[in-house]
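**Q** The following block contains the structure, expressed as structure tokens.
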């Protein structure tokens, strides 16, 4: 997946959603299995709640009620950030938590589903792995933007961090929705969570 825009910054606003493969139905899958497969959505909701905390902090910075340094301090303390650092990546707490989530998918859930599923399911998993790289690039960029905002506070630095966060939030929501829809049946039938 191309993540460059010709400048020195990754442009990952396009997940190429139109190219997303669909998982084929699994014959014999039951409603109970589909409900079990929806557990992934509950995990995703926790990540989205933490992203909401970052959004509220950015809104407070924009309103002048919170100092920009609070963002750079909060990101490394978020659960997502710690998980990213464990996998050798830079990010804040939410960044680490999401990276841990993606690491668990990549190292446990996806291999399990690949071994149990069809070629169609494997194509979905390949696409999800591509999207994980996009999310990772945005998380690293957000952390760098937050550091820059503290080191050189300016309206431009804040606007850049805000734009990166908004791109990250859009990408994560789209990615989560795709993952939940396409893996629901497979997770319920084959397990893996």
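**Q** Give me the one-decimal nm value for the distance between modelled label points at residue 32 and residue 18, 7 Å along each residue's Cα-to-Cβ direction.
**A** 4.3
**Q** Per 0.36 nm of contour for each residue apart, how much would the distance between residue 181 and residue 49 grow if the chain were fully extended, relative to their Cα-Cα spacing?
**A** Length difference between fully extended and current span is 45.5 nm.
**Q** Would you mind computing the Rg to Rh ratio of the stretch 109-168 from its alpha-carbon coordinates, Kirkwood style for Rh?
**A** 1.29
**Q** Mind checking the full-extension length gain between residue 166 and residue 122? Use 0.36 nm per residue of separation minus the Cα-Cα distance, one decimal, nm.
**A** Additional length available on full extension: 12.9 nm.
**Q** Of the listed peptides 152-162, 168-178, what is their order by residue-averaged count of other C-beta atoms within 10 Å, with the highest listed first?
**A** 168-178, 152-162
We did not get these values from a lab; they are worked out from the coordinates using the rules stated. Note that the coordinates shown come from a computational prediction; the quantities given were computed from them, not determined experimentally. When we count neighbours, we look across all protein chains shown, and the Cβ atoms used for this are built from the backbone with ideal geometry, even at glycine.
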